[in-house]
Amino acid sequence: MKARNPSTVAVRSGLASDSQHGAVIPPVHLSSNFTFAGYAQQRQYDYTRSGNPTRDLLGSTLAELEGAAGAVVTSSGMAALTLLLQLVDPGDLVIAPHDCYGGTHRLLKHLASRGQFRLEFVDQTSAQGLGSVQRNCPRLVLVESPSNPLLRIVDISRIAGLAKRAGALLAVDNTFLSPALQTPIDLGADLVVHSTTKYLNGHSDVVGGAIVAATTELANELGAIANTLGITGAPFDSYLTLRGVRTLQARVRQHEDNARQLAGLLDNHPAVAAVHYPGLSRHPGHQIAAAQQRGFGGMLSFELQGGTGAVQSFLESLQLFSLAESLGGVESLVCHPRTMTHAAMSNEACDAAGISAQLIRLSVGIEDIDDLAADVLNSLGSIPYATMARAIA
């Protein structure tokens, strides 16, 4: 058959592969170890940290969805980033986005402070930031597009060309979109990082991560390092994530449809100072997103008029958005980045990235859009008028 559509890959991967009992759904292999056939006769698997059939099936599925040569499944998204950073040596330069996820920022700062590499945070949407890739000969360029939490868009093809000419590896964190909406390797990336906790699993009941690699050599190198460090994912977590992947395409369509409608609602509300959603035509990265993505995703953020009182009033009035970190589950979540996901960043770093105290991030779920819209409107209406009026004045 010709290359299959990603929707078909996501659903059919591994189905009816059980040769012993003919199970339609591939069984989960929970064993921590596997027997040798005899003296010095090692089978394909010997120990689950090193390799496991269930984890390998998830890895091969993600690699096929991303158009990659191979994948390594890790115990968390942060473990995937830690694994990625093993590709750089002391003295090497890592260029990272100044507006990245707070956990990523914390990890980079920590490892750089211990001398594991040199680090530069730049605005990758600016000519000056891109110029740093040309001038400074980094070993690794890390991109978030869309960024967390401001949904800024980086021109991946352009930065891939700059990285290649500089002799750098380009890694793209694709967590916000998943391969359902963006495949960075097609745009020139060498590596793609995921927190599989998010859209790939989609049900907020598993913590995991993955790196997919454009070449077999990179995939094998990362696999060996992951085994050495002991940060590979657990079989049952892989089984649950693979189950989630089977509905990825259908879920993402509903996430995006709901987010698009909420973005339009917020964009026209007097209590809202700004909306950050690439699907809006006036979003600074709209045209790039439309060119390199297959959709705009289910994440959005916005800034309220008023101060912390307005933020608290809005958050405490919501009924259908749970105040919690993480994203990408079927349920709607709301987050205040400054005090939650990005609390580890200094005030100066948040200010430089544009993450204000009035910024709110929504992970829009797949509930009925009329119910979600009514909840948001009701919560916006709860903000004291005097607070909002002072801010507008």
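Tabulated values for the structure
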{"read-out": "The listed residue being of a type in the set (Gly, Ala, Ser) and at pLDDT below 95, out of 259, 344, 271", "value": "344"}
{"read-out": "Which numbered condition residue 212 fails, given (1) part of a helix (DSSP H, G or I); (2) of a type outside the set (Phe, Trp, Tyr); (3) in contact with a strand residue (DSSP E or B) (Cβ under 9 Å, 6 or more places away or on another chain)", "value": "(1)"}
{"read-out": "Flag for residue 309 being outside the structural domain of residue 155 (by TED's automatic domain parsing) and under 22 Å from residue 370 (Cα atoms)", "value": "no"}
{"read-out": "One residue from 297, 244 being crowded, with 20+ Cβ neighbours inside 10 Å, on the phi > 0 side of the Ramachandran plot and either touching a Ser or Thr at 6+ places or on another chain (Cβ under 9 Å) or touching a residue at least 24 places away in the same chain (Cβ under 8 Å) (or both)", "value": "297"}
{"read-out": "Test: residue 178 is among the small types (Gly, Ala, Ser), outside any strand (DSSP E or B) and within 27 Å of residue 250 (Cα to Cα)", "value": "yes"}
{"read-out": "Those helices (runs of 4 or more DSSP H) lying entirely in region 304-393 with at least 3 residues within 27 Å of residue 180 (Cβ to Cβ)", "value": "369-381"}
{"read-out": "Subset of region 8-30 (residues that are loosely packed, with under 13 Cβ neighbours inside 10 Å and touching a helix residue (DSSP H, G or I) at 6+ places or on another chain (Cβ under 9 Å))", "value": "30"}
{"read-out": "From the options 273, 259, residue that is within 26 Å of residue 380 (Cβ to Cβ), in contact with an Asp or Glu (Cβ under 7 Å, 6 or more places away or on another chain) and either assigned to a loop (DSSP other than H, G, I, E, B) or in the same structural domain as residue 327 (by TED's automatic domain parsing) (or both)", "value": "273"}
{"read-out": "Which listed residue is among the β-branched types (Val, Ile, Thr), in a helix (DSSP H, G or I) and within 18 Å of residue 328 (Cα to Cα), from 252, 206", "value": "252"}
{"read-out": "Entirely in region 57-158, the helices (runs of 4 or more DSSP H) that have 1 or more residues that are in contact with a Gly (Cβ under 9 Å, 6 or more places away or on another chain) and either in contact (Cβ under 8 Å) with a residue 40 or more places away in the chain or crowded, with 19+ Cβ neighbours inside 10 Å (or both)", "value": "77-84, 102-113"}
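Matching residues to (1) of a type in the set (D, E, K, R); (2) within 30 Å of residue 331 (Cα to Cα); (3) touching a residue at least 60 places away in the same chain (Cβ under 8 Å):
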| position | (1), (2), (3) |
| --- | --- |
| 189 | no, no, no |
| 198 | yes, yes, yes |
| 211 | no, yes, yes |
| 234 | no, yes, yes |
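The values are calculated or read from the model by the stated rules, or taken from the named source; none is laboratory data. These numbers were taken from a predicted model, which means no experiment stands behind them. We place every Cβ from the backbone using ideal geometry, glycine too, and count neighbours over all the protein chains shown.
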